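S.K.: Take this structure, written in structure tokens, and hold onto it; I'll ask about it next.
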């Protein structure tokens with residue numbers, strides 16, 4: 001039990017999460033760790049509506065999610081934690097979350113970004129955040145769906161540049 005996957009996806013809760021990852025990992029709880037959404041009831045309603053009734057959805061600030069994880073709040077259920085950005089992923093770790101691996105499932109096209117994979121576009125901030133995560137021995141694995149081939153980010157792009 002406990003946290004089965006921490007996923008970085010700028011779309012947060014959507015089909016790949018609810019139809020792909022949740023059933024594949026038998027997820028009972030999705031934790032959306034995002035400061036903005038944690039304070040927005042309307043967005044929470046929208047994201048909750050995108051999941052099945054048998055999956056609980058919790059909303060935390062990034063720091064709040066790290067604290068809850070550290071305190072064992074997710075120990076009794078299979079949990080998937082979602083973060084929206086590399087900044088949120090790094091903040092989750094720096095806030096004390098026992099993160100060992102990060103699934104990079106979707107960073108989509110934005111201005112001034114470099115294409116790494118068809119579903120991963122990065123800017124300089126993302127690259128710096130990935131370097132910091134990698135230096136702290138966090139496995140950075142790119143995989144948009146559970147049945148896709150797992151690619152390690154450092155094998156796709158040089159993190160030491």
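S.K.: Once all Cα-Cα distances of the chain are split into 5 Å bins that start at 0, what whole-number percent is in each one?
M.R.: With 5 Å bins starting at 0, P(r) equals 2, 9, 20, 23, 22, 15, 7, 2, 0.
S.K.: Can you put 29, 113, 142 in order of Cβ neighbours within 10 angstrom, beginning with the fewest?
M.R.: Working: 29 19, 113 15, 142 24.
Exposure proxy ranking, most exposed first: 113, 29, 142.
S.K.: Quick one: Cα convex hull volume of the stretch 25-114, Å³ per residue?
M.R.: Working: hull volume 10.8 nm³, N = 90.
Expressed per residue, the convex hull around the Cα atoms of the stretch 25-114 is 120 Å³.
S.K.: Do the sum for the chain: with -39,500 (n - 2.57) for every DSSP H run of n ≥ 4, divided by all residues, what is the mean residue ellipticity at 222 nm, to the nearest 500 deg cm²/dmol? Write down the numbers at each step before the final one.
M.R.: Values: 7 runs with 51 residues, N = 161.
So the helix-based figure for the chain works out to -8000 deg cm²/dmol.
S.K.: Let me ask something else. Using the alpha-carbon atoms, what tilt in degrees (0 to 90, nearest 10) does helix 124-135 show relative to the longest principal axis of the chain?
M.R.: Approximately 80 degrees, to the nearest 10.
S.K.: Moving on. Between residue 19 and residue 94, what is the label-point separation in nm under the 7 Å Cα-to-beta-carbon projection?
M.R.: About 3.7 nm separates the two model spin labels.
S.K.: Multiplying the sequence separation of residue 108 and residue 70 by 0.36 nm and subtracting their Cα-Cα distance, what value in nm do you get?
M.R.: Numbers: separation 38, 0.36 × 38 = 13.68 nm, distance 2.98 nm.
Here the answer is 10.7 nm.
S.K.: Here's something else I'd like to know. Going by C-beta contacts inside 10 Å, put 4, 52 in order with the fewest on the left. Please list the in-between numbers first.
M.R.: Values: 4 19, 52 9.
By the 10 Å Cβ count, ascending, the order reads 52, 4.
S.K.: When DSSP beta bridges are limited to those with both residues in the chain, what percentage is antiparallel, rounded to the nearest 5? Provide the component values of the computation, followed by the final result.
M.R.: Details: 5 of 28 bridges.
Of those bridges, close to 20 percent are antiparallel.
S.K.: Oh, and also: Residue 152 to residue 41: FRET efficiency via 1/(1 + (r/R0)^6), r the Cβ-Cβ distance, R0 35 Å, to the nearest 0.05? Please report the intermediate quantities before stating the final value.
M.R.: Working: r = 38 Å, r/R0 = 1.09.
E(calc), rounded to 0.05, equals 0.35.
S.K.: Among 84, 141, rank each residue by its count of other Cβ atoms within 10 Å, from fewest to most, as a rough exposure measure. Numbers along the way, then the final one.
M.R.: On the way: 84 21, 141 16.
So the ranking, lowest neighbour count to highest, is 141, 84.
No value in this document is a laboratory result; all are computed from the given coordinates. Note that the structure is predicted; figures quoted are calculated from it, not measured. Neighbour counts are summed over all protein chains in view; Cβ atoms, including those assigned to glycine, are modelled from backbone coordinates with ideal geometry.
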